[in-house]
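Chemist: Got a structure here, written out as structure tokens. Questions coming.
The values are calculated or read from the model by the stated rules, or taken from the named source; none is laboratory data. Quantities reported herein were computed from a predicted structural model and do not represent experimental measurements. Here the Cβ positions follow ideal geometry from the backbone for every residue, glycine too, while neighbour counts run over all protein chains shown.
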């Protein structure tokens, strides 16, 4: 992908994100506070973030792959379950990924 | 408002800025891993300034997705901020140019801090102080993360590749905890989203599987009548 395309996408996404914020301060509350709208908005992050976790950890192009990233993710999940701070979670995941890279 | 309450609010705002700054560094690194240059990463933090959307944007591009899919993912996650804005209107009472400026800081953390404050004056202070603190730290640490990641090579690259999904998981995790509203339903939707994305990966263009994962929201089912009473119910 060319640098120009990425720049256009960066600016378009930034403008769109800003307008979504601005809309909240500008439109009548009744437009947004519909039960169905609230329901969808409440659950979009879980669906999208989980999809991103899965794609980032276990795919490469159109293939499902198992490598150091998945090991790192498993380590991160354990660390999160033990309520480790964010920085510790990232360091442990990174160390696991690096270890797999060195060993395999 | 009393001065100890003001100091406590400012202290919380600074503390939150430092904590969120770590995510900013992770974002900068993730942007670099996805092939964005330092300027693009910095522009996203300065101009988009909403973490989950920014992570989604670089996540989709990093997975080889199209620019359109990246923008779509970011905007889907940005809809949250519209709802936050509506909840903040009574507190901020934004007018004219002030509204144009305030809107940029309407994000998860500023909304949570403003709405948790005991009165309106403290709520406004919490919004502004948290916004300023996070904006500063988020942008500074994005640069640190992007520049730091750009200097890596070999084994450190493999470490960074493993850090990126872990950062996404850390972003998702609080929603799956028992204390979060309807945590069991959030978990069901999250598992659904991951399954849809993985199942579609071999058959759709890269990035599209992430957007398509929103269908998992259907697993949340109907709105619960007791959860958000309608105006008519409130008056009854």
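Chemist: From the set of residues in the range A:51-69 that are surrounded by fewer than 17 Cβ atoms within 10 Å (Cβ to Cβ) and either out of contact with any strand residue (DSSP E or B) (no Cβ under 7 Å at 6 or more places or on another chain) or not assigned by TED's automatic domain parsing to the domain that holds residue A:104 (or both), which is farthest from residue B:203 (Cα to Cα)?
Modeler: Going residue by residue through the range A:51-69, those that are surrounded by fewer than 17 Cβ atoms within 10 Å (Cβ to Cβ) are A:60-66.
Among the residues that remain, those that are also either out of contact with any strand residue (DSSP E or B) (no Cβ under 7 Å at 6 or more places or on another chain) or not assigned by TED's automatic domain parsing to the domain that holds residue A:104 (or both) are: A:60-64, A:66.
Values: A:60: 13, A:61: 11, A:62: 7, A:63: 10, A:64: 11, A:66: 19 Å.
Applying the filter and picking the extreme gives A:66.
Chemist: What residue, of B:153, B:123, is in the same structural domain as residue B:45 (by TED's automatic domain parsing), free of Cβ contacts under 8 Å to residues at least 40 places away in the same chain and out of contact with any helix residue (DSSP H, G or I) (no Cβ under 8 Å at 6 or more places or on another chain)? Steps first, please.
Modeler: Numbers: B:123 fails: out of contact with any helix residue (DSSP H, G or I) (no Cβ under 8 Å at 6 or more places or on another chain).
Answer to the selection: B:153.
Chemist: Related question: Determine, yes or no, whether residue B:64 is out of contact with any helix residue (DSSP H, G or I) (no Cβ under 7 Å at 6 or more places or on another chain) and touching a residue at least 60 places away in the same chain (Cβ under 8 Å). Let's see the steps before the verdict.
Modeler: Working: out of contact with any helix residue (DSSP H, G or I) (no Cβ under 7 Å at 6 or more places or on another chain): yes; touching a residue at least 60 places away in the same chain (Cβ under 8 Å): yes.
Answer is yes for this residue.
Chemist: While we're looking at this one, here's another question. Among the residues of the range B:206-217, which ones are out of contact with any strand residue (DSSP E or B) (no Cβ under 9 Å at 6 or more places or on another chain) and facing chain A (nearest Cβ under 9 Å)?
Modeler: Pass one, the range B:206-217, residues out of contact with any strand residue (DSSP E or B) (no Cβ under 9 Å at 6 or more places or on another chain): B:207-208, B:210-217.
Selection gives B:207, B:210, B:211, B:212, B:213, B:214, B:215, B:216, B:217.
Chemist: When you scan the range B:128-144, do you find a residue that is over 28 Å from residue A:22 (Cα atoms) and more than 9 Å from chain A (Cβ to nearest Cβ), even just one?
Modeler: Step one: filter the range B:128-144 for residues over 28 Å from residue A:22 (Cα atoms), giving B:144.
Subsequent filtering for residues that are more than 9 Å from chain A (Cβ to nearest Cβ) retains B:144.
Checked the range B:128-144: at least one residue is over 28 Å from residue A:22 (Cα atoms) and more than 9 Å from chain A (Cβ to nearest Cβ).
Chemist: Among B:87, B:175, B:124, which is the only one that is within 14 Å of chain A (Cβ to nearest Cβ), modelled with pLDDT of 95 or more and not in a loop (DSSP other than H, G, I, E, B)?
Modeler: On the way: B:87 fails: modelled with pLDDT of 95 or more; B:175 fails: modelled with pLDDT of 95 or more.
It is B:124.
Chemist: For residue B:115, which of the numbered conditions (1) at the interface with chain A (Cβ under 8 Å from one of its Cβ atoms); (2) surrounded by fewer than 17 Cβ atoms within 10 Å (Cβ to Cβ) fails to hold?
Modeler: (1)
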